1. Please give the number of the condition Thr118 fails out of (1) farther than 15 Å from Leu34 by Cβ; (2) part of a helix (DSSP H, G or I).
2. Within the group Asp94, Asp101, which residue is among the charged types (D, E, K, R) and modelled with pLDDT of 80 or more?
3. Restricted to region 99-116, and to residues that are over 14 Å from the mean Cα position of the chain (by Cα) and not aromatic (Phe, Trp, Tyr), which residue is most open to solvent (accessible area, probe 1.4 Å)?
4. Please count how many residues of region 7-42 are of a type outside the set (Lys, Arg), in contact (Cβ under 8 Å) with a residue 12 or more places away in the chain and within 20 Å of Asp101 (Cα to Cα).
5. Is it fair to say Arg10 is open to solvent by less than 70 Å² (accessible area, probe 1.4 Å) and at pLDDT below 85?
6. Pairs needed: first member in region 87-98, open to solvent by 20 Å² or more (accessible area, probe 1.4 Å) and part of a strand (DSSP E or B); second member anywhere, of a type in the set (A, V, I, L, M) and modelled with pLDDT under 85; C-beta distance under 8 Å; at least 6 residues apart or different chains.
7. Would region 45-62 turn up any residue that is in contact with a Ser or Thr (Cβ under 6 Å, 6 or more places away or on another chain) and either of a type in the set (Phe, Trp, Tyr) or touching a residue at least 60 places away in the same chain (Cβ under 8 Å) (or both)?
Amino acid sequence: MRVEIPSDKRATEYLANERTFLAWIRTSIAVISLGFVIARFGVWLRELAARIDPKIEAQSTKFSLLVGVGMMALGSVLTLVAAWRYQGINRAIDRGQFQADRWLVVIVAIAVALLGTTMIAYLLLTRDRL
């Protein structure tokens, strides 16, 4: 469903679009940062185990690195999607029309849910290794 935007309301729409873009950027930074922490978590656990007891043989699954890099990649893609979406909305505002893009929300939600589910599975499968 397309919505006509009156010309006297366009400034408000531009500013709302900018706030939404900045929220996407904050989310992207958070996902990238969390991905970095997860990627480095396996290294931290091995170092901690070696300091507590040098005889402990900490197993490296490299899974935290893969998931962390995946999250960092997702955060980077979210940044690009945010910029693309911001420009598209600005063009729609210029034309005086707006149409919601529900599929983008669904795709991003599924991607984040899959990463979360992967992390839960990883934690459950490796809980007895260290």
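The values are calculated or read from the model by the stated rules, or taken from the named source; none is laboratory data. Since the model is a prediction, treat every value here as computed from it, not as a measurement. Quick reminder, even Gly has a Cβ in these numbers, built from the backbone with ideal geometry, and neighbours come from all protein chains shown. Quick note on the areas: whole protein, heavy atoms, side chains included, nothing else; ligands and nucleic acids left out. Shrake-Rupley method; radii C 1.70, N 1.55, O 1.52, S 1.80 Å.
1. (1)
2. Going through Asp94, Asp101 in turn, just one is among the charged types (D, E, K, R) and modelled with pLDDT of 80 or more: Asp94.
3. The first filter runs over region 99-116 and keeps only residues over 14 Å from the mean Cα position of the chain (by Cα), leaving 99-103.
Cutting the leftovers down to not aromatic (Phe, Trp, Tyr) gives us 99-102.
Values: Gln99: 85, Ala100: 49, Asp101: 49, Arg102: 172 Å².
Here the answer is Arg102.
4. Selection size over region 7-42: 10.
5. yes
6. Between residues of region 87-98 that are open to solvent by 20 Å² or more (accessible area, probe 1.4 Å) and part of a strand (DSSP E or B) and residues that are of a type in the set (A, V, I, L, M) and modelled with pLDDT under 85, the close pairs are Gln97/Val3; Gln97/Ile5; Phe98/Val3; Phe98/Ile5.
7. Applying the first criterion (in contact with a Ser or Thr (Cβ under 6 Å, 6 or more places away or on another chain)) to region 45-62 yields none.
The answer is no; no qualifying residue exists.
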